[in-house]
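Laboratory data are not the source of any read-out in this text; all were calculated from the coordinates shown. Because the structure is a prediction, the values reported are computed rather than measured. In this analysis, Cβ positions are derived from the backbone assuming ideal geometry, glycine residues included, and neighbour counts consider all displayed protein chains.
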Amino acid sequence: MERIQQRIYLSRKGLHSIEFEHEVLRIPLRAGEETSFEMLISNHSEPTHVHLSLGEGIRDKMMILQDKVYVIDEEKIAAIVRLPKSYTGAELGTGEIFVSAGYGATKKSFSVEIVEAEEKEERKERLGKERGKERELEGAKRKERRELTLSSEERVILSRLTVSACAAILFFVILFFIIPLFSNSPDYLFISTLTASLIFFFIVIYNL
């Protein structure tokens, strides 16, 4: 289980000001189990007394091990969250932890949400599946792009086939249309035959 931590900053914006790293601290927990988290209090001004108290919603589920502390620079306070087996998902809710500084001169709170640990695991699993589908889709797109892209050798072969096909078409046109048309004229017949022969030899030599 990942480490849960809340940072509390004192007098960072002004004397006895209170700030939180997380406005809402979520604690994943299963019924019948317990966990702990830390509150790190950093003081940016003169030493001061800090008091922590629990709101109604979490008073029966949480215990702060040290609710009063004198903070010079930095102090660490631990808290324990425990859920009896009788608790159900519907009963897990939110509460507040109140922080007061300077003998109550300033008081502020942050929310605490106790959530079912299974929900967090399911969310991770769902995100993992979604990322896996995205990777598969991206892989398919890359494969498709590779298939559509011709290599230099393939382009040379395609060019040869195109030239050969055009020459072959011209050869058959001369052989079956022009030569029979001028069969009564020896000169034209010779020229047509010679042209067809040259085209045939060109096709053979070109594809060697």
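Every Cα-Cα pair in region 5-116 was counted, and those over 26 Å apart are 20% of them. A Förster distance of 22 Å, applied to the separation of the beta-carbon atoms of V24 and R59, puts the FRET efficiency at 0.75. Net charge in the neighbourhood of G104 (other residues with Cβ under 14 Å of its Cβ; Lys, Arg +1, Asp, Glu -1) is +2.
Computed about its Cα centre, the charge dipole of region 5-116 is approximately 100 debye, with only Lys, Arg, Asp and Glu carrying charge at their Cβ. Note that region 34-47 has calculated 3J(HN,Hα) couplings of 9, 8, 9, 8, 10, 10, 9, 9, 10, 9, 9, 9, 5, x Hz, one per residue in order, obtained from phi through the Karplus relation 6.51 cos²θ - 1.76 cosθ + 1.60 (θ = phi - 60°); glycine and proline are x.
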